[in-house]
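I have placed the structure first, in the form of structure tokens, so that the comments after it can refer back to it.
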Amino acid sequence: MRLFLRTILFIIVFGLFASSVSIAAGNAEQGKIKAETCLGCHGIPNYKNVYPTYTVPRLGGQHADYIVAALKGYQSGERSHGTMQAQALGLSEEDMADIGSYFQSLQ
Ligand code: HEC
């Protein structure tokens with residue numbers, strides 16, 4: 001009986017550990033690869049679209065959670081901006097987390 005309880009306890013503790021690892025912060029290395037297209041607009045200091053003229057916000061050093069929240073907002077349509085909605089559409093939750101931690105790592 002004791003062994004049985006210990007086994008159960010082990011499974012619960014191990015399960016918690018494993019799930020906390022899987023929800024850990026995104027992978028900045030992966031994010032760097034996934035953010036390649038983003039940098040076309042977001043990587044250029046003071047970059048403005050030719051027409052219509054609007055400034056592209058700076059993402060480097062931005063908090064990862066903020067970037068993920070913004071991308072989800074574009075994806076759901078809560079934030080409306082044609083270009084960014086199109087950009088966010090193809091991203092999975094993992095992609096967003098990876099991209100977020102990559103931008104957060106830039107200063
Ligand atoms: C064609 C240019 C372009 C590309 C490519 C692009 N963005 Fe953007 N992004 C913009 C513009 C312009 C805005 C400002 C939109 C607005 O006013 O809501 C923006 C806004 C954002 C914001 C919100 C920032 C804030 O402070 O509100 C995030 C986050 C973001 N982009 C992430 C990304 C990511 C991640 C990618 C790549 C998957 C990407 N963008 C690709 C032009 C671009």
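Throughout, read-outs are computed from the coordinates displayed, never taken from laboratory work. As the structure is a computational prediction, the values presented were derived from the model and not from experiment. As a convention, Cβ positions derive from the backbone with ideal geometry for all residues, glycine included, and neighbour counts pool all protein chains shown.
Sorted ascending by nearby beta carbons within 10 Å, beginning with the fewest, Met84, Met96 become Met84, Met96.
Here the simple spin-label model places points 7 Å from the Cα toward Cβ, and for Ile33 and Glu93 these points are separated by 2.2 nm.
Of the GluC sites (Glu not before Pro) in region 60-107, which ones lie in a loop per DSSP and count no more than 12 other C-beta atoms within 10 Å?
Those satisfying the criteria are Glu78.
Expected output is a single nm value to one decimal: the length gained when fully extending between Ala86 and Gln107, i.e. 0.36 nm times separation in residues minus the C-alpha distance. What is it?
Length gained, Ala86 through Gln107: 4.9 nm.
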